[in-house]
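Visitor: Quick one: this structure, given as structure tokens, is what I'll be asking you about.
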Amino acid sequence: MKLDKENTKQILKIVAIAIILLVALFNIKFVWDAGMAFLNIISPFIWGLAIAFILNIFMTLYENKLFKIGQKNNKSNRKNKSDRNVKQVTNQKKSKFDRGFAIILSIITIVAIITIILLLIVPQFIDVIRNLINNIPSYLESLQNLGIEITEKFPETNMFIQNIEIDTEALKNGIINLSKDVLDVTINQISSLISNVINFFIAIIFSVYILLNKEELKKEAKKFVYARIDKEKADYILKVARLARDSFRNFLTGQAKEAVILGSLCAIGMIILNIPYAGPIGALTAITAFIPIVGAFIGGFIGAILIVAVDPIKALIFIIFIIVLQQVEGNLIYPHVVGKNMGLPSIWVLVAITIGGGLFGIMGMIVGLPIVSIIYAITQENTNKKLQEKNLEDKFESQ
């Protein structure tokens with residue numbers, strides 16, 4: 001290999017990268033802690049991007065439905081122009097007021113959905129807690145009677161209890177230490193809550209800024225990529241970015257469909273089985289269904305707590321029902337509905353959830369599916385391209 005200036009530069013880059021990786025490997029704990037600290041600092045902006053992505057779905061819907069009604073005639077008068085040009089002109093004419101109003105409507109929509117769900121669930125929890133408080137005297141009386149029966153049947157138990165010696169000083173010190181620990185945990189939790197509230201408002205403000213300047217930020221990002229990478233690679237990067245956007249959007253819409261189906265099936269099944277709190281538990285199951293596969297179990301656990309205070313037998317029936325429903329959801333409904341919405345075969349949906357959940361838990365399940373969808377789409381495109389180069393695509397299309 002000829003050792004010219006360009007090759008020397010490449011070799012120095014490789015050596016520098018190797019040294020950095022070795023230093024990071026020998027100081028892995030420091031690097032990990034520094035990485036976690038950095039992620040904690042930028043977490044409001046990461047959440048802001050996620051919120052902006054969700055709000056953008058509603059915002060785009062409102063913009064298309066509310067602010068483009070009078071533009072149908074304009075489209076019909078521009079037959080000689082492409083749809084792409086019409087779209088660009090439409091975006092340019094869109095005022096900041098319309099965009100801001102669409103964002104406000106999107107926020108109101110999401111808040112309204114959350115409020116309706118909470119109004120369905122929270123009052124039932126309050127009723128259960130109230131019933132538990134009202135029944136505490138009867139529970140204590142039953143416990144007392146049980147204790148009396150045990151001591152009458154087993155007199156040695158009473159003797160054992162009387163012979164127990166309690167170290168009052170040690171008990172006192174234990175209570176003091178426990179009180180200090182509880183106080184420390186309370187202070188930390190309050191501090192964490194305040195920090196989370198501040199970060200949440202920063203995330204909301206950041207997401208609104210992103211949406212207000214969506215077109216400008218997109219343009220700046222494209223300029224940044226094309227200025228530093230050759231055109232072919234830049235085109236591919238932007239293509240993958242668009243694919244990622246579509247995959248996550250389809251994932252969210254698929255999850256929403258699946259949540260509605262699962263919540264409806266849960267409520268209908270509970271009505272048929274005459275299990276109480278069918279509506280609230282169905283709504284709760286729909287919410288937890290946004291966590292792939294295990295969401296039904298989480299909703300079922302909380303629902304069982306609600307039902308057991310009313311009728312323990314029906315709570316047991318509900319647990320059996322939710323296990324069966326989860327099996328149907330995990331093996332039939334979820335792979336078909338979400339996979340079809342993302343253009344991903346059912347088998348790959350199960351693979352993505354299993355691997356993602358095994359590596360990174362619930363977050364791995366949520367993020368793993370869109371990532372596998374992107375990899376699958378890129379692989380399919382590359383495979384078809386290779387087949388076309390070998391003139392073999394007709395062979396597989398006929399099979």
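Values in this text are rule-based calculations from the coordinates and carry no lab data. Quick caveat, the model's predicted, so the values are computed rather than measured. In this analysis, Cβ positions are derived from the backbone assuming ideal geometry, glycine residues included, and neighbour counts consider all displayed protein chains.
Visitor: Which ³J(HN,Hα) values in Hz, rounded to whole numbers, follow from the phi angles of the stretch 148-153 under the Karplus curve 6.51 cos²θ - 1.76 cosθ + 1.60, where θ = phi - 60° and Gly and Pro get x?
Guide: Per-residue couplings from phi come out as 5, 4, 5, 5, 6, 6 Hz.
Visitor: Rounded to the nearest 0.05, what FRET efficiency do residue 196 and residue 140 have when you use their Cβ-Cβ distance and R0 = 41 Å?
Guide: 0.60
Visitor: Under the Karplus relation 6.51 cos²θ - 1.76 cosθ + 1.60, θ = phi - 60°, what is the ordered set of whole-Hz ³J(HN,Hα) values for the stretch 173-184, x standing for Gly and Pro?
Guide: In residue order, the calculated couplings are 5, x, 5, 5, 5, 5, 5, 5, 5, 4, 5, 5 Hz.
Visitor: Now for a separate question. From the mean inverse distance of alpha carbon pairs (Kirkwood) and the Cα radius of gyration, derive Rg over Rh for the stretch 229-314.
Guide: Working: Rg = 19.8 Å, Rh = 15.0 Å.
Rg/Rh for the stretch 229-314 comes to 1.32.
Visitor: Let me ask something additional. Please list 3J(HN,Hα) in residue order for the stretch 17-26, calculated via the Karplus relation 6.51 cos²θ - 1.76 cosθ + 1.60 where θ = phi - 60°; whole Hz, with x for glycine and proline.
Guide: Per-residue couplings from phi come out as 5, 4, 5, 4, 5, 5, 4, 5, 5, 6 Hz.
Visitor: Given 37 °C and 0.692 mPa s, compute D for the stretch 230-390 with the Stokes-Einstein relation, Rh being the Kirkwood radius over Cα pairs; round to the nearest whole µm²/s.
Guide: Once the numbers are plugged in, D ends up at 192 µm²/s.
Visitor: Can you compute the charge dipole magnitude of the stretch 230-390 about its Cα centre, using +1 on each Lys and Arg Cβ and -1 on each Asp and Glu Cβ, nothing else charged? Give it in debye, rounded to the nearest 20.
Guide: Computed charge dipole of the stretch 230-390: roughly 380 debye.
Visitor: Separate question: With unit charges on the beta carbon (Lys/Arg positive, Asp/Glu negative), name the residue among 364, 375, 260 whose Cα is farthest towards the positive pole of the charge dipole of the stretch 230-390.
Guide: Value computed over the given set: 375.
Visitor: With +1 on each Lys and Arg Cβ and -1 on each Asp and Glu Cβ, and nothing else charged, work out how big the dipole of the stretch 171-218 is about its Cα centre, in Debye to the nearest 20.
Guide: 140
Visitor: Something else about it: Using Cα pairs closer than 8 Å and at least 6 residues apart in sequence, work out the relative contact order for the stretch 200-295, in percent.
Guide: Details: 45 pairs, mean separation 19.2, N = 96.
The value is 20 percent.
Visitor: Please give the peptides 42-49, 284-291, 27-34 ranked by average Cβ packing (other Cβ atoms within 10 Å per residue), highest first, as a rough proxy for protection.
Guide: Ranked from most to least packed, the peptides come out as 284-291, 42-49, 27-34.
Visitor: Among the listed pairs 96/214; 218/385; 218/239; 219/239; 239/385, give every one whose C-alpha distance is greater than 19 Å.
Guide: 218/385
Visitor: Right, here's the next one. Just order 337-345, 145-153, 271-279 by mean Cβ neighbour count inside 10 Å, highest at the front, would you?
Guide: Top of the packing list down: 337-345, 271-279, 145-153.
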